[in-house]
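Down below is the structure, laid out as structure tokens.
Rule-based calculations on the coordinates, nothing more; no lab input. The shown structure was predicted, so the numbers you read here are calculated from the model rather than taken from an experiment. As a convention, Cβ positions derive from the backbone with ideal geometry for all residues, glycine included, and neighbour counts pool all protein chains shown.
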Amino acid sequence: MAAAALRGLCRHRTRKDLMSRLAAIGLAAASLGGCLGYDGVVNRGAVFDQRKLAQVKPGMQAPQVLSVLGTPSTTSTVGGDAWYYVSQRTERDLAFMQPKVTDQHVAAVYFDKDKKVQRIADYGLEDGKAIDFVTRTMPTPGAENNLITGLLKAVSSVNLSPF
């Protein structure tokens, strides 16, 4: 009778170990499963198509350009005489890593005073800096803030006059 009870206890313990092992394996598989389907490629901005850009010719009216290329990503702030179509592709190996800009195109359509296409330009990543789509800023050389700059600004803003 004691042997039968001991066998039942061992079987229960083995079943409990088996369940905990299966739970651990299931948890590991579920946590790794999120990494397997990760595609680290993100496309932002206008869909860049060289064939459509080739359809735009000097002398075309602005509404015609709008019908071929669609709404521009941005326009020039002074006079609105240039439209920019921005496309960017970023890639990252793992979800927690910083993305790297792998491709960027800026198609610029410049207009004259009569709103006719004057010229078209296609700028790639090698022609300039990468645009930060998230914060909508571009890094400017010399504008970096550091500890010494902060201290100098704090000291210069102190008002020492008694009145």
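Values as computed for the structure displayed
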{"quantity": "Within-11-Å neighbourhood charge of S87 [Cβ basis; K, R +1; D, E -1]", "calculated": "-1"}
{"quantity": "Environment charge of V68, counting only residues whose C-beta is closer than 11 Å and scoring Lys/Arg +1, Asp/Glu -1", "calculated": "+2"}
{"quantity": "Chain lengthening between D127 and K57 when straightened (0.36 nm per residue, less Cα-Cα)", "calculated": "23.0 nm"}
{"quantity": "Segment R92-S20, length gained on full extension (0.36 nm per residue, minus Cα span)", "calculated": "22.4 nm"}
{"quantity": "Cβ-defined net charge surrounding G40, 9 Å radius [Lys, Arg +1; Asp, Glu -1]", "calculated": "-2"}
